[in-house]
Amino acid sequence: MNKLVILSTLGITAVIFLAAIILTSQNSSSKPMTTNNTPIPIPTGISIGKPPETTFDSSKEYLATLETSEGQITIKLNAKITPITANNFITALLTVL
């Protein structure tokens with residue numbers, strides 16, 4: 001490989017690595033924060049118990065759309081590969097609706 005290509009690749013990798021370190025250190029708060037930088041209380045002493053009953057058909061495709069101030073985020077729930085995660089998400093969603 002050409003020395004210039006190798007040096008360019010190493011330089012770009014170093015810049016990306018340093019940018020990631022800088023961005024991570026700027027957001028290194030140990031507590032989750034709200035938009036006005038106040039800590040979000042984290043509940044303690046919650047007993048989860050047994051998993052919820054399955055509330056979906058694993059042969060169907062499920063999509064969840066989140067509305068944010070920056071636009072929509074669509075999440076595809078893969079019920080065939082991750083049935084427990086999909087069921088937890090759907091159960092939690094149905095609980096708050």
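In the stretch 74-97, how many are surrounded by 12 or more Cβ atoms within 10 Å (Cβ to Cβ) and among the aliphatic types (A, V, I, L, M)? Steps first, please.
Within the stretch 74-97, the first condition is being surrounded by 12 or more Cβ atoms within 10 Å (Cβ to Cβ), and the residues that meet it are 77-79, 82-83, 85-91, 93.
Within this subset, residues satisfying the condition of being among the aliphatic types (A, V, I, L, M) are 77, 79, 86, 90, 93.
Total meeting the criteria: 5.
Would you pick out the residues in the stretch 60-97 that are part of a strand (DSSP E or B) and either touching a residue at least 60 places away in the same chain (Cβ under 8 Å) or not small (Gly, Ala, Ser) (or both)?
Restricting attention to the stretch 60-97, the residues satisfying the condition of being part of a strand (DSSP E or B) are 62-68, 71-77.
Once the filter is applied, which keeps residues that are part of a strand (DSSP E or B) and either touching a residue at least 60 places away in the same chain (Cβ under 8 Å) or not small (Gly, Ala, Ser) (or both), the stretch 60-97 yields TYR62, LEU63, THR65, LEU66, GLU67, THR68, GLN72, ILE73, THR74, ILE75, LYS76, LEU77.
Each value in this text was obtained by applying a stated rule to the coordinates, not by laboratory testing. Everything numeric here is computed off the predicted structure, so don't read it as measured data. Cβ coordinates were reconstructed from backbone atoms using ideal geometry, including for glycine residues, and neighbour counts include every protein chain displayed.
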